[in-house]
Amino acid sequence: MSKPYLLHMITAAKNLSPFDVNMAYDAGWSACTPYTQVTLEEIAGLTQDAIFSRGPKGVARTGIFLGGRDVHLALEMLAAARAAMVPPFEVSVFADPSGAFTTAAAMVAGAEGCLRGSHGSGLAASRCLIFGGTGPVGSAAAILAARAGADAVIVSHLGLVRAEETARLCNQRYGVRLSGADGSSDAHIRDLMAGADLIFNAAAAGVQVLSADQLGAGRRLKVACDVNAVPPAGIAGVGVMDNGVPVPGSTSGALGLGALAIGNIKYKVQQGLLRQMHEAGSPQYLGLDEAFEAARRHVD
Ligand SMILES: NC(=O)c1ccc[n+]([C@@H]2O[C@H](COP(=O)([O-])OP(=O)(O)OC[C@H]3O[C@@H](n4cnc5c(N)ncnc54)[C@H](OP(=O)(O)O)[C@@H]3O)[C@@H](O)[C@H]2O)c1
């Protein structure tokens with residue numbers, strides 16, 4: 001009898017995400033076992049418990065998925081799991097906390113695609129505002145945008161201190177150069193919009209961060225991306241299905257990328273990486289960078 005595909009799904013949170021469980025079964029895993037409220041210190045022990053019981057054929061059908069809400073902790077867990085492997089007892093590990101890596105990857109790769117199509121350029125030297133950049137999806141998007149050469153700015157609706165704290169943390173950990181900005185008032189937002197080439201909205205679901213008037217202040221804006229699928233639109237005028245179409249009300253002819261268009265790329269990326277874990281034929285370590293590479297392939 002052939003061995004089943006076993007995915008150990010680990011989170012520091014109280015619950016796994018049902019979204020991730022559905023995705024894992026649909027990607028061919030035969031059984032998905034939850035481990036909740038797990039600490040970083042427990043990762044090495046859990047990893048070694050998972051790798052030694054199934055023999056060489058079994059490890060190829062065993063994987064570890066890392067969820068939770070904390071992008072930094074998930075990357076630390078990924079590194080800890082990798083360090084705990086004892087080749088040839090080695091299994092694939094994929095971190096996608098709160099779907100943040102695959103969602104951010106899809107949004108940033110989608111924006112790159114729009115820019116390339118409309119202006120023949122990538123993100124390099126673009127000034128890029130990330131609303132909701134203190135959250136999991138926004139932080140991941142800011143890191144990717146900065147790595148792709150953008151002048152990436154984390155905007156917080158609670159003010160400069162919070163935005164700068166997140167920027168500093170990401171800069172220290174990932175060697176990027178993010179800055180923070182105050183998005184707590186209409187005047188601040190209009191000032192920021194005046195210098196923006198690109199905007200990403202990754203703020204909490206159901207919140208509008210930019211009104212039509214504020215969007216209109218973006219006189220050199222090229223692309224507006226919104227991952228919020230819950231009404232009202234996170235960026236006024238960007239429809240959930242929009243896939244590189246002009247945003248009504250933009251004074252610069254900016255193109256919009258909506259939540260379901262981004263979600264479509266995200267879905268393919270997450271499915272693909274979950275399959276890659278057991279189809280690649282060798283242990284895979286998949287995090288933010290790998291999600292971005294996959295998203296770029298889907299956008300090309
Ligand atoms: N389309 C897709 O495929 C997909 C997949 C996953 C997630 N999502 C969406 O991605 C977005 C981000 O997810 P997340 O888990 O990172 O979000 P989150 O942690 O719930 O919120 C992100 C940030 O939103 C800001 N925020 C909260 N309340 C706000 C308000 N009233 N006004 C303005 N900003 C506010 C906060 O930053 P500050 O307080 O610092 O401003 C917070 O850090 C959500 O809309 C989620 O639904 C989409």
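The values are calculated or read from the model by the stated rules, or taken from the named source; none is laboratory data. Remember, it's a predicted structure, so these values are computed and weren't measured experimentally. Using ideal geometry, Cβ is built from the backbone for each residue, glycine included, and neighbour counts are taken over all protein chains shown.
A few comments on the model shown:
- With respect to (1) in contact (Cβ under 8 Å) with a residue 24 or more places away in the chain; (2) under 17 Å from Leu115 (Cα atoms); (3) surrounded by 17 or more Cβ atoms within 10 Å (Cβ to Cβ), the lone exception for Val227 is condition (2).
- Selection within the range 225-245 - touching a strand residue (DSSP E or B) at 6+ places or on another chain (Cβ under 9 Å) and either closer than 18 Å to Ala204 by Cβ or acidic (Asp, Glu) (or both): Cys225, Asp226, Val227, Asn228, Ala233, Gly234, Ile235, Ala236, Val238, Val240, Asp242
- The set of residues in the range 122-178 that are more than 8 Å from the ligand (Cβ to nearest atom), farther than 24 Å from Lys222 by Cα and part of a helix (DSSP H, G or I) comprises Leu160, Val161, Glu164, Glu165, Arg168, Leu169, Cys170, Asn171, Gln172, Arg173, Tyr174.
- Given (1) surrounded by fewer than 20 Cβ atoms within 10 Å (Cβ to Cβ); (2) away from the ligand (no atom under 14 Å from the Cβ), number of the condition Gly239 does not satisfy: (2)
- Check on Ile199, part of a helix (DSSP H, G or I), crowded, with 23+ Cβ neighbours inside 10 Å and either modelled with pLDDT of 95 or more or out of contact with any His (no Cβ under 7 Å at 6 or more places or on another chain) (or both): no
- Residue within the range 250-257 that is under 15 Å from the mean Cα position of the chain (by Cα) and either in contact (Cβ under 8 Å) with a residue 40 or more places away in the chain or crowded, with 19+ Cβ neighbours inside 10 Å (or both) present: no
- Output for the range 137-192, where each listed residue is surrounded by fewer than 20 Cβ atoms within 10 Å (Cβ to Cβ), of a type in the set (A, V, I, L, M) and touching a residue at least 60 places away in the same chain (Cβ under 8 Å): Leu169
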